[in-house]
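The values are calculated or read from the model by the stated rules, or taken from the named source; none is laboratory data. Quick caveat, the model's predicted, so the values are computed rather than measured. With ideal geometry, Cβ positions are generated from the backbone for all residues, glycine too; neighbour counts draw on all protein chains shown.
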Amino acid sequence: MNHLAHAIDEIGRTTMFFAALLKTMFRRPSRFGDVVDQTWNVTLQSLPTTAMAGFFVGAIMAVQFTMQMRDFGALGYLGGLATSGTLREVGPLLIAFMLSGKVGAYTSAELGTMRVTEQIDAVRCLGADPLQELIVPRFLGIVISSSLLLGAGLLMSVLGGMTLGHLFAHVSPEEYVRHIPTILTWPSILIGFAKCAVFAVVLATICTYRGYSATGGAKGVGRAVVTTAVSTMMCLVVMDWVTSYLAEAVMTLARGP
Amino acid sequence: MIEYRGLVKRFGDRTVLKGLNLRISEGEIVFVLGTSGTGKSVLLKNTVGLLRPDEGEIWIDGREVSRLSEEEYLGVRRICGMVFQHPALFDSLSVYENVAFGLRRHDRLPEELIRQKVAEALALVHLPGVEERRPAQLSYGMQKRVSLARTLALEPKILLFDEPTTALDPITTTAVNNLIQELSRRLRTTSIVVSHDMICALGIADRIVVLDQGNIVAQGTPREIRGSEVPLVQDFLAEVPA
Ligand SMILES: Nc1ncnc2c1ncn2[C@@H]1O[C@H](COP(=O)(O)OP(=O)(O)O)[C@@H](O)[C@H]1O
Ligand SMILES: [Mg+2]
């Protein structure tokens with residue numbers, strides 16, 4: 001019972017932090033340069049991992065689908081199915097997990113250290129708003145770069161699927177890409193990117209909140225990093241379910257009854 | 001200059017400050033002594049609005065400030081400089097940008113004037129010419145002095161020091177204490193120094209205030225404190241060579 005109360009308490013606090021963050025974002029915009037810097041950092045840090053993961057996800061999808069589609073003689077749709085599966089489901093989730101492991105942990109440790117060494121207090125004393133100067137740029141950096149990374153990962157997954165499709169199923173690259181536009185419709189692209197953005201908002205809020213509210217020296221920073229990892233994973237799984245459900249509803253509406 | 005009236009601060013069901021009353025006049029150097037965890041830092045953080053009291057009033061420069069909004073509080077922080085226990089320097093910025101940080105935010109001065117003020121502030125703490133270094137390249141004692149310069153650059157009327165000499169070696173401790181005394185006198189600031197160093201309090205302070213569990217248990221001039229009968233004060237005095 002106590003655990004449940006504590007969890008609800010934390011969800012409430014995180015939500016309030018998110019509201020304060022949004023308010024700051026619109027009332028007192030951060031410096032454009034800070035946002036660009038953070039986006040650049042996050043993207044650069046995660047690009048190699050994303051590219052590699054993207055390539056192999058594409059490859060795995062191609063192999064998996066080949067086995068099932070060969071029997072139906074539907075190999076022409078291999079590229080389309082593999083790519084739309086990557087974009088709508090595997091891609092956003094993988095990007096979110098990778099970002100939370102790498103950037104989420106780093107951000108909560110960095111902000112936590114700034115908190116326990118009184119740097120955040122110093123920022124306030126020197127006439128600045130830590131939400132505006134520290135939190136919002138990091139938050140936006142994660143959200144913007146998640147979309148860039150999804151795009152890059154997707155391209156790599158097409159490349160991976162193409163390569164493996166060619167080697168494994170003898171589907172030529174032209175054939176692989178030909179039906180991508182048939183299956184990958186605009187609504188599904190939109191849903192993929194929206195999902196990715198929602199995941200990024202969730203993980204960016206959690207890691208900045210945990211770091212920002214760390215207490216109690218080096219141990220407190222460690223605690224912030226661990227709770228960031230745990231709560232991010234749980235929230236992402238729940239959000240995946242929620243967004244899939246919503247996406248399904250949207251797709252149904254778009255198609256008509 | 002600064003007056004606390006019935007200041008109460010609670011965290012959850014723990015009351016840290018229990019109705020503290022204290023009045024500090026202009027130009028005075030007051031040392032606040034107490035064991036760890038008695039609420040010395042909490043007192044300073046309430047003064048600059050990093051924490052807000054649950055009850056009571058804080059008067060600074062003739063104005064009750066404890067219920068000001070975050071934006072209105074900026075004016076208080078402008079005249080009330082805090083030097084933290086940690087150096088609290090921004091790792092990713094050069095020493096120059098660290099010292100210029102407050103000048104850029106509070107005052108939005110032109111670059112030329114900022115450059116001049118940064119140089120002056122670093123000269124005050126006897127660290128000229130380190131502008132282009134990174135905090136990580138400086139010793140801990142030097143970082144504490146840069147941190148002091150960052151606060152001094154704004155020329156505050158009130159200086160709050162949170163354990164300025166904790167974790168410093170004896171030589172740097174003496175240097176920092178001399179600096180506090182010299183600066184307070186030369187710049188005519190009102191200073192509150194939180195410390196548990198009775199020796200330097202006796203040497204520098206105009207008045208010493210001893211806190212215990214959120215209340216003042218003794219206060220007076222160094223001479224009066226030397227003669228105090230309060231047990232906690234006696235414990236502090238036991239460390240002082242006769
Ligand atoms: N932000 C906070 N939240 C909860 N408790 C706090 C907070 N800041 C200080 N405290 C508690 O208040 C008490 C006094 O702290 P502090 O003023 O830092 O002591 P000190 O006299 O050593 O500076 C401690 O027990 C500390 O745990
Ligand atoms: Mg303290």
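Just for strands (runs of 3 or more DSSP E) wholly inside the range B:1-103: which have at least 1 residues that are under 30 Å from residue B:135 (Cα atoms) and either free of Cβ contacts under 8 Å to residues at least 24 places away in the same chain or within 16 Å of ligand 2 (Cβ to nearest atom) (or both)?
B:29-33, B:80-83
Determine which single condition residue A:154 fails, assuming it passes every other condition in (1) more than 14 Å from chain B (Cβ to nearest Cβ); (2) closer than 15 Å to residue A:37 by Cα.
(2)
Restricting to the range A:89-106, give me the number of residues that are of a type outside the set (Phe, Trp, Tyr) and closer than 12 Å to residue A:200 by Cβ.
Looking only at that region, the number is 9.
Between residues in the range A:150-162 that are under 10 Å from residue A:53 (Cβ atoms) and residues that are buried (at least 24 other Cβ atoms within 10 Å of the Cβ), which pairs lie under 6 Å by C-beta distance while being six or more apart or on different chains?
Once the first residue is under 10 Å from residue A:53 (Cβ atoms) and sits in the range A:150-162, its partners that are buried (at least 24 other Cβ atoms within 10 Å of the Cβ) give A:153/A:50; A:153/A:54; A:153/A:91; A:156/A:54; A:157/A:54; A:157/A:58; A:157/A:86; A:160/A:58.
Tell me, which strands (runs of 3 or more DSSP E) wholly within the range B:160-221 include 1 or more residues that are over 15 Å from the mean Cα position of the chain (by Cα)?
B:207-212, B:215-220
Out of curiosity, is residue B:26 within 25 Å of residue B:217 (Cα to Cα), more than 16 Å from ligand 1 (Cβ to nearest atom) and either within 12 Å of chain A (Cβ to nearest Cβ) or acidic (Asp, Glu) (or both)? Can you show your working first?
On the way: within 25 Å of residue B:217 (Cα to Cα): yes; more than 16 Å from ligand 1 (Cβ to nearest atom): yes; either within 12 Å of chain A (Cβ to nearest Cβ) or acidic (Asp, Glu) (or both): yes.
Yes: the conditions hold for residue B:26.
For a quick check of your reading of the model, give me the residue pairs whose first member lies in the range B:191-207 and is β-branched (Val, Ile, Thr) and away from ligand 1 (no atom under 13 Å from the Cβ), whose second is modelled with pLDDT under 90 and not in a helix (DSSP H, G or I), with beta-carbon atoms closer than 9 Å and at least 6 apart or on different chains.
Matching pairs, first to second residue: B:199/B:239; B:199/B:240; B:199/B:241.
Does residue A:4 count as over 18 Å from residue A:146 (Cα atoms) and modelled with pLDDT of 95 or more? Walk me through it before giving the result.
On the way: over 18 Å from residue A:146 (Cα atoms): yes; modelled with pLDDT of 95 or more: no.
In short, no.
Out of the range B:152-188, which residues are under 17 Å from residue B:84 (Cβ atoms), in contact (Cβ under 8 Å) with a residue 40 or more places away in the chain and among the polar types (S, T, N, Q)?
Residue satisfying the conditions is B:166 alone.
If you take the residues of the range A:92-142 that are charged (D, E, K, R) and not in a helix (DSSP H, G or I), which of them is nearest to residue B:148 (Cα to Cα)?
Filtering first and then ranking leaves A:118.
Is it true that residue B:11 is closer than 12 Å to residue B:214 by Cβ and aromatic (Phe, Trp, Tyr)?
yes
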